[in-house]
Amino acid sequence: MSRGPGDPERVGRLRDALQHALMLEHATIPAYLCALYSIEDGTNVEAAEIIRSVVMEEMLHMVLVANVLNAVGGEPSVDHAGFVPRYPTQLPYSDGRLVVGLRRFSPEAVETFLAIERPEPADARPLVEGYDTIGQLYAGIELELRDLGPDVFTGRLDRQVGPGRFYYGGEGDPVVVRDLDSALEALEVIVEQGEGLDHTIHEAPHRVGRRDELAHYFRFRQIAIGYRYRDSDVANAPPTGPRLEVDWDAVLPMRDHPAVAELPPGSEVRALSQAFNRTYGELLRCLHRAFNGQPDELIAAVPLMYQLRYQAVALMRISCGSDGRTAGPSFEWTPPPPAAS
Amino acid sequence: MTGVDCDVLVVGAGIAGAILARRLAESGLDVVVLEAGEATGRTWAEYQSNITAMLGSPAKVPNAGWPNSAAAPSPSVLDIRPLSHDGPPGTAGYFVQEGPQPFGSDYLRARGGTTLHWYAHCIRMLPSDFAMKSTYGVGVDWPLTYDDLVPWYAEAEREIGVAADVEDQLRTGTPFPDGYVYPMHKIPPTYLDRWLTERLDGTPVRIGQETYPTGVVPVPGGRNSIPNPQYDGGRGFQPVGAVGRPTAGLRCEGNSSCIPGCPAQAKYNALKTLQLAEAAGARVITQAVASKVLVGSHDEVSGVEYLRWSGDVFPTVVPHTITARRYVLAAHSVENAKLLLMSRAANTSDQVGRNLMDHPFLLSWARTDEPLGVFRGPGSTAGIETLRDGPFRARHSSFRTDIDNWGFQILGSPGSDVAAAVYGDQLFGSALRQRVAYDVQRQLMLGFLLEQLPDPDNRVTIKPGGYTDALGLPRPVVHYDLDAWTREGAAVARDCAVQWFEELGADDLTAYDGPDRPMAAHQQFTWKDRPYCTLGAGHLCGTHRMGHTRTDHVVDPDQRSWDHRNLFVVGAGSMPTIGTSNPTLTLAALACRTAAVMVEELA
Amino acid sequence: MSSSDLLDDFVSLSAALTGFSVAQLQGTGMASTYYAELVAIVGDDLTVALVREGCLTLRWPDDVEEQLRLRVMEDPDLGPLARNLVMLWYTGGWVQLPAEWRDRNGASSLDADRLLSATSWTEGLMWPAIGAHPTGAKAPGFASWVGPPVLGDPS
């Protein structure tokens, strides 16, 4: 491996890898949200809380990746057409086997979530390109950061999203990235929240007194199996805690992988579906501004996130087609509306 | 510890009781809290069941959705009726209203208390509020000054978690120590706040011969906002979320339902402090109505009798007695007074139950010509706060002015607007939709909190053998009126509203009699040939006031009973004057101060 | 007429009466609840009569409001029912029918002033009509109250 903190091609590949990580962290969020929103209000409270907590942490992951990318002089890009996958989509890891779609809360959806979050085998090689798992991607990024040296951290500090501004109702604050240590800390949070620490079921607590939390994979496992984990449980054994009740019928019958194109042109439901996508587009533009020098824009993102839910649930109550299923949010990227004259 | 059941017995699991229980338990003392009402909010699901009940209540009054029972009844504003001169007392519900004016406020007997449905305005009293007699020749002086309470206000603001920026608050005339920082930044002002600021802030308003500046100032709120990183010497502040679901409620999310209840628990409620008290070992016993304070030898309190009840409509009870080294009554102004009167305790001053004060709430409302963005956000995020003090207080009450973010909700909007359009104007379809949108969006509602002076004849008393509740305990009998000082204040407040509406070019719709008057405003009076009507603000003060002597005061400046040295009587009842600020922050500060005294003495 | 056709017609009529679109009404999830409520209070015949008569007017798309007024709103039996239906959609609550109507058509114990449920409160149309949200539910998020109100049809 050649050393050279100033090697622009290498730094460019690192930034590309981080941009790709940003896309990957985002790509599963619409899938999780469809499952979450489809749960009938007031039912499946524990399962809904689990999915919601994972979504909040994925959003934190986006912020952390953006912070690392900004720290190495990159410019996160969120508001372009290629950022949002077309669902159902093959995630570019797990050998192309992993297809993620927009589905209502169901055993199949939860199985998909488990596959997304599955911890990687201990011997996977870190790779910045050609990786099979997201864990390899982050390990590859970590190696590059170590190798490229402190001079790679050329980004402006005022582009960092710090604590207090980013509010997501979860635990932990975004790490302000300014050097190798803070970059590694940020990446560590992502990996441990997803897969777990050293093949246990837990994330490591990052702050004194913070409640010990399960890694995402194990949170979803509780829903699939119908029992909670105890703190003392281990990764390769089933959970031994209390029952986690799931009512698979208390779910809005959203059709799989909704798309605007499937809805009758000129129909009201199509207009509502497009309205959802406009809100979603506004949210992405808001995130884009937040990651590119205007961190306070994250405050404006909050009402947009709330609106997404209400618009999605309304769609999920509207029948379309004759199969008893309903419409749903399609999370299709929309370009910004023309500026008002 | 021998011979007693616990170190400290606290009656009442509202904010005052919770603050004391937490501090005493954390100092290592064995604390038991008796709560007359039912539990709620021990888990997220338990709390949400009350929220769902609230959403399904047709009348969204403050107690809607919260526990109520025949064994621990709470007063309800729905039971208030106008009283006629020389007519019989109003006996609907829990209070017995002797008049001349009905007492208009309620409170909640439940675990968590009235903070379950408060507005969460956290406003400090002004220095002259503590010295009304020496400054204006009316009312009385406190045995404490504003300066005495400064560190305790800060502690209360931390306990509750108050969102405000000091630069704004200095405009109210409240002194703050240099460099004081609130735990969280102010709640972002609403569109309406900014709309009014642009048009009214700084404009002169006439009161009598003087003009004053109209100051539109954010109101400090006990609800979660963006933490201020400079708080606590740069250590910052961690907002406290919902009990049982700590990731909920970390920011106000705009449920627009502070009253009757905050679904997210972004707004402070005493459950949050009780949670900490219990974590430190305090035991809370609910459905436990204190029925007697026992006084033994040497005028010491020797125990508290209580009734543990079951069955919310036809209760059965099991009596108990509990003993402690110290006793604290924290059941709020009316219940504290009722319990002491029932027990014939702590009352050589004859002031228990007397000097009851509220903030008579006077509404003025108008229609603007532009949409205001109403029915969004907390109930009120700003007020007109520059008229709370002045030489006029020698002649009439002052007031603070709530800017209401919820339009004419208190008059029944938006449902009443829909009804008027549908049944009155026979509208339907898009014409109806546009009419409702147009009318409701232009609703400007101002609410004036008028001061009252302590009056021994404004009182809570009991009639043993007379009116009783399902447990056979006496119901509070209230005698209440608004004096000339307050009525003149109402007239002045009304006149200010007229001036502001004129300045705004808004259509004044205010009516204090006739069919358009607010149906909830049962306090009706005439002043200088004009009709007025007011409601209660939910503030109850004065019934066991503090002072330097036992002659005219129930408790000393530490809220310790003058008559029984092992008894503390805490809460808004200890306040000798009410000022114009919502009393919760002040009663919380006093509770923090009393807790420190007790810890010093006992731990 | 099948019951699902009847329900569809009920929603179409409700859309015309409330000024909201069929999709928006379906999005509340309340259509079948309100239909059932109407049947429970005034019976099948009157409910079907309201729906049929109301939907006839939809054949004159350029003149729906006038036709509705003539055929439904000013009808002594259907008018009060239609107005109550509008109130139900807007507020989630039922208003007791006028005394004269009850004299002619009968009085049900369900015909009383009431809020149907927490859900009917939450799904009331008056909230989106005024550019807001039901108080106590569908919170719009921190700082959402800062900007100017958004009125009019979001779609």
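The values are calculated or read from the model by the stated rules, or taken from the named source; none is laboratory data. What you are looking at is a predicted structure, and each value in this text was computed from that prediction instead of being measured. So basically every Cβ, Gly included, is an ideal-geometry build from the backbone, and we count neighbours across all protein chains shown.
Would you please name the residue that is farthest from the other protein chains (Cβ to nearest Cβ), looking only at residues in the stretch C:114-155 that are assigned to a helix (DSSP H, G or I) and either of a type in the set (V, I, T) or within 19 Å of B:I187 (Cβ to Cβ) (or both)?
C:T119
Could you list, in sequence order, all residues of the stretch B:248-284 that are part of a loop (DSSP other than H, G, I, E, B), within 14 Å of chain C (Cβ to nearest Cβ) and not hydrophobic (A, V, I, L, M, F, W, C)? Even if it seems obvious, please write down each step before you answer.
Taking the stretch B:248-284 as the starting set, the residues that turn out to be part of a loop (DSSP other than H, G, I, E, B) are B:248-266, B:268-270, B:280-282.
The next check asks that each one be within 14 Å of chain C (Cβ to nearest Cβ); those that pass are B:248-266.
Listed by number, the residues that qualify are B:G249, B:R251, B:E253, B:G254, B:N255, B:S256, B:S257, B:P260, B:G261, B:P263, B:Q265.
Given the condition closer than 22 Å to B:V61 by Cβ and within 11 Å of another protein chain (Cβ to nearest Cβ), answer yes or no: does some residue in the stretch B:364-374 qualify?
yes
Please identify the pairs in which a residue from the stretch A:73-93 that is in contact (Cβ under 8 Å) with a residue 12 or more places away in the chain has its Cβ atom under 6 Å from the Cβ atom of a residue that is part of a loop (DSSP other than H, G, I, E, B) and hydroxyl-bearing (S, T, Y), counting only partners at least 6 apart or on another chain.
Partner pairs satisfying both residue conditions: A:G73/A:T154; A:Y93/A:T133.
Among C:G124, C:G92, C:G136, which is at pLDDT 95 or above, crowded, with 22+ Cβ neighbours inside 10 Å and either over 20 Å from the mean Cα position of the chain (by Cα) or of a type in the set (D, E) (or both)? Reasoning before the result, please.
On the way: C:G124 fails: either over 20 Å from the mean Cα position of the chain (by Cα) or of a type in the set (D, E) (or both); C:G92 fails: either over 20 Å from the mean Cα position of the chain (by Cα) or of a type in the set (D, E) (or both).
On inspection, the qualifying residue turns out to be C:G136.
Quick one: would you say B:G379 is closer than 30 Å to B:R251 by Cα, within 11 Å of chain C (Cβ to nearest Cβ) and either charged (D, E, K, R) or in contact with a Cys (Cβ under 6 Å, 6 or more places away or on another chain) (or both)?
It is true that B:G379 is closer than 30 Å to B:R251 by Cα, within 11 Å of chain C (Cβ to nearest Cβ) and either charged (D, E, K, R) or in contact with a Cys (Cβ under 6 Å, 6 or more places away or on another chain) (or both).
Give the residues of the stretch A:273-282 that are more than 10 Å from chain C (Cβ to nearest Cβ) and surrounded by fewer than 22 Cβ atoms within 10 Å (Cβ to Cβ), sorted by residue number.
A:N277, A:G281, A:E282
For the stretch B:198-210, give me the residue count where each residue is surrounded by fewer than 18 Cβ atoms within 10 Å (Cβ to Cβ), modelled with pLDDT of 95 or more and of a type outside the set (K, R).
First, the residues of the stretch B:198-210 that are surrounded by fewer than 18 Cβ atoms within 10 Å (Cβ to Cβ): B:198-199, B:202-204, B:206, B:208-210.
Narrowing further to those that are modelled with pLDDT of 95 or more: B:198-199, B:202-204, B:206.
So of that shortlist, the ones also of a type outside the set (K, R) come out as B:198, B:202-204.
Selection size over the stretch B:198-210: 4.
For the stretch C:82-107, name all the residues that are part of a helix (DSSP H, G or I) and within 12 Å of another protein chain (Cβ to nearest Cβ).
C:A82, C:R83, C:N84, C:L85, C:V86, C:M87, C:L88, C:W89, C:Y90, C:T91
With (1) within 14 Å of chain C (Cβ to nearest Cβ); (2) buried (at least 18 other Cβ atoms within 10 Å of the Cβ); (3) charged (D, E, K, R); (4) over 26 Å from B:M125 (Cβ atoms) as the list, and B:R245 as the residue in question, which single condition is left unmet?
So B:R245 meets the others, but not (1).
Kindly indicate which of A:R270, A:R317, A:R285 is of a type in the set (K, R) and more than 11 Å from chain C (Cβ to nearest Cβ).
Just a single option satisfies the conditions, and that option is A:R285.
For the stretch C:74-87, name all the residues that are within 19 Å of C:G43 (Cα to Cα) and out of contact with any Asp or Glu (no Cβ under 7 Å at 6 or more places or on another chain).
Hits for the stretch C:74-87 are C:D75, C:P76, C:D77, C:G79, C:P80, C:L81, C:A82, C:R83, C:N84, C:L85, C:V86, C:M87.
Within the stretch B:234-242, is there a residue that is within 24 Å of C:W121 (Cβ to Cβ) and not acidic (D, E)?
The answer is yes; a qualifying residue exists.
Say whether the condition of being within 13 Å of another protein chain (Cβ to nearest Cβ), over 20 Å from C:T119 (Cβ atoms), surrounded by fewer than 20 Cβ atoms within 10 Å (Cβ to Cβ) and modelled with pLDDT under 95 is met by at least one residue in the stretch C:48-57.
Scanning the stretch C:48-57, I find no residue that is within 13 Å of another protein chain (Cβ to nearest Cβ), over 20 Å from C:T119 (Cβ atoms), surrounded by fewer than 20 Cβ atoms within 10 Å (Cβ to Cβ) and modelled with pLDDT under 95, so the answer is no.
For the stretch A:288-310, name all the residues that are in a helix (DSSP H, G or I), over 21 Å from A:A81 (Cβ atoms) and more than 9 Å from chain C (Cβ to nearest Cβ).
Scanning the stretch A:288-310 gives a single hit, A:L298.
If we keep just the residues of the stretch B:71-81 that are touching a residue at least 24 places away in the same chain (Cβ under 8 Å) and surrounded by 15 or more Cβ atoms within 10 Å (Cβ to Cβ), which is nearest to B:L471 (Cα to Cα)? If you could, list the steps in order and put the result at the bottom.
The first filter runs over the stretch B:71-81 and keeps only residues touching a residue at least 24 places away in the same chain (Cβ under 8 Å), leaving B:71-77, B:80-81.
Next, from what is left, pick out any that are surrounded by 15 or more Cβ atoms within 10 Å (Cβ to Cβ): B:71-77, B:80.
Working: B:A71: 6, B:A72: 8, B:P73: 10, B:S74: 14, B:P75: 16, B:S76: 18, B:V77: 22, B:I80: 22 Å.
Here the residue is B:A71.
Of (1) modelled with pLDDT of 85 or more; (2) of a type in the set (D, E); (3) within 21 Å of A:L114 (Cβ to Cβ), A:E188 satisfies all except one. Which?
(3)
Go through (1) surrounded by fewer than 22 Cβ atoms within 10 Å (Cβ to Cβ); (2) touching a Lys or Arg at 6+ places or on another chain (Cβ under 6 Å) for A:L304 and report which single condition fails.
So A:L304 meets the others, but not (2).
Select from the stretch B:314-354 the residues that are aromatic (F, W, Y) and in contact with a Ser or Thr (Cβ under 7 Å, 6 or more places away or on another chain) and list them in ascending order.
none
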